[in-house]
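Asks: Structure below; questions to follow.
The values are calculated or read from the model by the stated rules, or taken from the named source; none is laboratory data. These numbers were taken from a predicted model, which means no experiment stands behind them. The protein model used for the area step is the full one, side chains on, heavy atoms only, and it has no ligands, DNA or RNA in it. Shrake-Rupley method; radii C 1.70, N 1.55, O 1.52, S 1.80 Å.
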Amino acid sequence: DTPCAEIYMNLLRSRANDKKMNLLKEWSKYEQKCSETGEYQIFLADNLQSAGAHQEAQTILKNIIIEKGQQYDVRVAYQIWLQSLLSEDKFDEAKEVAKQCIIHYPYWYRGYIGYGKALVFQGKFEEGKIYIDKSIALQDYYAEPYGLLTIIYDVYYKDPVMAVKMYKKALSKKQYMFLFSMPRATFSVVKCALSQKDYKTAVWRSEEHTS
């Protein structure tokens with residue numbers, strides 16, 4: 001019997017070129033099979049927030065954490081909730097959700113990276129670095145935290161040597177979702193955003209030019 005999360009990821013890959021809302025039609029077929037664990041609702045919210053329906057997604061995620069959090073592993077709900085809040089510039093709310101995630105899943109790196117990312121978006125680099133370093137201590141596999149550290153060392157500490165070191169660490173990781181491997185023209189756009197203290201644009205424009 002294929003796990004619900006695997007079913008969802010297979011659907012996501014098979015419909016990578018479709019509009020996000022089209023995936024909802026396919027995923028709805030698994031409502032009965034996957035609702036007990038909360039996975040149906042979590043991945044429904046993932047589709048909704050990807051399609052821009054953030055408030056609806058956030059309500060679903062908040063409710064599923066309350067209803068299922070004591071019985072099932074709902075850490076992915078926290079991850080999607082954080083993504084949705086950050087995309088709407090709700091940085092303080094994102095930090096509150098990240099705190100809850102850290103309390104309930106203290107050994108999972110995602111709560112720490114979510115909190116650290118919100119701080120970086122607010123220009124609070126030194127405090128953000130504490131949480132990013134903690135995420136790396138828990139799970140040193142993904143490129144995302146090193147991408148954030150690249151900005152921190154470049155912009156806040158003005159340390160190009162360490163910035164390059166963090167950049168190279170990101171490139172060494174197997175997961176390339178959040179790498180800073182961008183063309184020079186794009187890097188100029190990022191630098192411009194940083195000079196205007198638009199840290200969110202700087203980070204996310206970097207993430208758009210990956211792989």
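Asks: Calculate, axis by axis, the spread of Cα positions in the stretch 21-63 along the three principal axes, and write the results as whole Å, longest axis first.
Replies: 26, 24, 9
Asks: Which value, in Å² rounded to 10, gives the accessible area of His54 with a 1.4 Å probe and all protein chains present?
Replies: Accessible area, nearest 10 Å²: 30 Å².
Asks: P(r) tail for the stretch 101-149, what percent of Cα pairs lie past 13 Å?
Replies: On the way: 547 of 1176 pairs.
The proportion of pairs with Cα distances above 13 Å equals 47 percent.
Asks: If all Cα-Cα distances of the stretch 12-133 are sorted into 5 Å bins from 0 onward, what percent lands in each bin, rounded to whole numbers?
Replies: All Cα pairs considered, the percentages come to 2, 12, 20, 21, 18, 13, 9, 3, 1, 0.
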